[in-house]
Amino acid sequence: MAIGGIWHETNTFATGLTRYEDFEAYQLVRKDGLIERYIGTNTELGGVIRGATDFDLQPTLFAAAVPSGTIEYQSFIQLLDEMTELFQEAMPLDAVVLALHGAAVVETIDDADAYILAQVRKIVGESVPIVATFDYHANLSDDMVRSASALIGYDTYPHTDMADRGEEAIKLIRHFLAGQRNPICAHRKLPLLTSPLKQQTDQPPMREVMQKLQDLEKDPTVVFGSVAMGFPYSDVSHLGASVIVYAENQEQADTAADSIATTLWNSRQDFQQQLLSVETCVDLALNSVEFPVVIVEPADNIGGGSAGDGTAILDALLKANARQSVIVICDPEAVAVATQAGVGCECSLRIGGKTDSHHGPPVQASVTVKAISRGEYTHKGSYMTGCITSMGQTALVESQGVQIVLTSRRSMPFDAEQLRCLGIEPEEQKIIIVKAAIAWKAAFGKIAKRVLVADTPGVCAADLARLNYEKRPKPLYPLEQSATYFT
Ligand SMILES: [Zn+2]
């Protein structure tokens, strides 16, 4: 059984292309290096390795980049060629498991995940089962469904069940290899597009949808099902939410998929999130009696492909002298200046707002350099547990009591170690800013006494009407309130 994958959540609104070196900088491993890197981790491949101890595993290539702009064509083809060559070498094969995202977009290939599946299918032939995992934010397409024998999506948001889904992929491979009748698929695409803010699977409205899915999976004729909410920042024709169910026969698959799709559609009005102005957020946070207060900035969600250098909240914190607040900003230039100055020294920095004009202008500040580090930490929370993340050369600076973590690489707030590795204890902070939508809860959800969601501009704007779509399907609710859906 060969395993591999190319994983990317593509924000087609983000500035700049995602290149080969962006995969190298995040996750790019080949052959035995793949096993070494993911064994024991809470990742899809970690789960595959855990579940497949009695298989002769042929690791090929796995590449992932932090969500970012459209993937450069040449870089994608180079990665895909490397991976497919290793698949060729591994032939003959009985089975394939791929870890994909489901929202990858390449310059001239809008449905890159379907393209990957089709290329691997060409190599292994029609009879070999290909099971692929995908993210809850996948924009599933009929082409993906056709090229894979089965698609398994995460059931959690924040995403914490990656290894479980990888292990489930192995269970399904066993099902295929046992010569049982292959499960039959029903895929329902809904004219529905929601911002990630209200998609948490343990909160309404999704809690009810996921509960329904779990109940249906108890039916012995239903093999399994998934919901993909879609990634609203990929402007593609297959944009939007999907329900996918595999069952022993078409009727069962259709009935189950329709039932979940109807529940999801009927809850469409409950996905609106209240947004507050930046000034209101900072004001409420400073006047809170319980701490820490988390101010969420979804528009600059690094995990959704944004630059992570938005300055609107930093500016407001500095103006308010918000002591014991902490914000992470990606700005390699500012890191270099702070590093040059050295720990304990004061310097003047132009911080953030350098990637594009969507996230506020750079902020000028006099700072004291508190720490300089290589910016590496091991995930100890529930997300990517055991994996090492590198923020690149990192500087902690302070201005007006505001602690500013300057990173060289865009670094998602998915684990409290992101701050602890610099000596910042999250529990002791008054205000923590997170450039994220929901996934930050894996890091600070348990300690947050209050959560405020800020309305700022950006390529991950929570208000989807702020985005200039060209390719998306129409109508999509809520952009077109007139959208209808019948099963
Ligand atoms: Zn996701």
(Q) Quick check on this structure: which one of 235, 283 is outside the structural domain of residue 452 (by TED's automatic domain parsing) and surrounded by fewer than 20 Cβ atoms within 10 Å (Cβ to Cβ)? (A) 235
Q. How about segment 229-247: which of its residues are farther than 17 Å from residue 460 by Cβ and either of a type in the set (Asp, Glu) or outside any loop (DSSP other than H, G, I, E, B) (or both)?
A. 242, 243, 244, 245, 246, 247
Q: Within segment 416-444, track down each residue that is outside any helix (DSSP H, G or I) and within 16 Å of the ligand (Cβ to nearest atom).
A: 434, 435, 436, 437, 438, 439, 440
Q) If you take the residues of segment 217-243 that are away from the ligand (no atom under 16 Å from the Cβ), at pLDDT 95 or above and touching a helix residue (DSSP H, G or I) at 6+ places or on another chain (Cβ under 6 Å), which of them is nearest to residue 172 (Cα to Cα)? A) 225
Q) How many residues, within segment 185-230, are free of Cβ contacts under 8 Å to residues at least 40 places away in the same chain and buried (at least 22 other Cβ atoms within 10 Å of the Cβ)? A) 1
(Q) If I filter segment 334-353 for residues that are surrounded by fewer than 18 Cβ atoms within 10 Å (Cβ to Cβ), under 24 Å from residue 16 (Cα atoms) and modelled with pLDDT of 95 or more, do I get at least one hit? (A) yes
Q.
Regarding segment 379-401, can at least one residue be identified that is touching a residue at least 60 places away in the same chain (Cβ under 8 Å) and under 19 Å from residue 291 (Cβ atoms)?
A. yes
**Q.** Filtered residues of segment 7-42 (kept if out of contact with any Lys or Arg (no Cβ under 9 Å at 6 or more places or on another chain) and within 16 Å of the ligand (Cβ to nearest atom))
**A.** 7, 8, 9, 10, 11, 14, 42
Q | Meets criteria (in contact with a Phe, Trp or Tyr (Cβ under 8 Å, 6 or more places away or on another chain) and surrounded by fewer than 16 Cβ atoms within 10 Å (Cβ to Cβ)) for residue 266 | A | no
**Q.** Residue among 117, 100, 151, 140 that is touching a residue at least 40 places away in the same chain (Cβ under 8 Å) and more than 14 Å from the ligand (Cβ to nearest atom)
**A.** 151
Q: Considering only segment 201-228, state which residues are within 24 Å of residue 475 (Cα to Cα) and either in a loop (DSSP other than H, G, I, E, B) or outside the structural domain of residue 68 (by TED's automatic domain parsing) (or both).
A: 205
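The values are calculated or read from the model by the stated rules, or taken from the named source; none is laboratory data. Treat the numbers as computed from the prediction; the structure is a model and nothing was measured. In this analysis, Cβ positions are derived from the backbone assuming ideal geometry, glycine residues included, and neighbour counts consider all displayed protein chains.
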